[in-house]
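Q: Submitted below is the structure of interest, expressed as structure tokens.
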Amino acid sequence: MPDAEFVVHPEGDLDLAAVPAVSKEWLSLIEDLQPELLVIDLDAVTFLDSTALTAVVVAYKRQREHGGRLIVTNASPLVARVFRLTGLDAYIDIALRDDHPNEHAVGHAHEEGQLDSR
């Protein structure tokens, strides 16, 4: 039976150097545990680039394959803006860090939202 929720806590820069190992960890976790909800907690992330966005999208797609969901929490306003500008917030729920109470949540995915499989 799948776990109800699993939280991952990446740290530091999520860039070309770090993402392959992080992505491999996330995909192994999804394959092995098939959590109903995978939470990517970005509280300790200081930077992310396009390879990190790709890793999140791949994890999102894998979660959907078994009926699971993925959310991103504790995103800094800058990181959340990247999700918004790329349109990923239409598919993936993005929540800002608690230390930015005057900011609103950047994105709430639509239930029917699916990323193009290209």
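The values are calculated or read from the model by the stated rules, or taken from the named source; none is laboratory data. Just so you know, these numbers come straight off a predicted model, no measurement behind them. Positions of Cβ are generated from backbone atoms using ideal geometry, with glycine treated the same way; all protein chains shown enter the neighbour counts.
Q: Among what's in segment 7-17 and is in a loop (DSSP other than H, G, I, E, B) and in contact (Cβ under 8 Å) with a residue 24 or more places away in the chain, pick the residue that is farthest from residue 41 (Cα to Cα).
A: Within segment 7-17, the subset in a loop (DSSP other than H, G, I, E, B) is 9-10, 15-17.
Next, from what is left, pick out any that are in contact (Cβ under 8 Å) with a residue 24 or more places away in the chain: 9-10, 15-16.
On the way: 9: 5, 10: 7, 15: 16, 16: 19 Å.
Only one residue fits best here, namely 16.
Q: Let me ask you something else. Among the listed residues 39, 22, which satisfies the condition of being touching a Pro at 6+ places or on another chain (Cβ under 7 Å) and surrounded by 14 or more Cβ atoms within 10 Å (Cβ to Cβ)?
A: Numbers: 39 fails: touching a Pro at 6+ places or on another chain (Cβ under 7 Å).
None of the other options fit; the residue is 22.
Q: Next up: Mind telling me which of the residues 56, 79, 22 ends up being modelled with pLDDT under 95 and in a helix (DSSP H, G or I)? Can you show your working first?
A: Working: 56 fails: modelled with pLDDT under 95; 22 fails: modelled with pLDDT under 95.
Testing whether each residue is modelled with pLDDT under 95 and in a helix (DSSP H, G or I) leaves just 79.
Q: Take segment 19-53 and flag every residue that is in contact with a strand residue (DSSP E or B) (Cβ under 9 Å, 6 or more places away or on another chain) and either without any contact (Cβ under 8 Å) to a residue 12 or more places away in the chain or under 13 Å from residue 63 (Cβ atoms) (or both).
A: Scanning segment 19-53 gives 26, 29, 30, 33, 35, 36, 37, 38, 39, 40.
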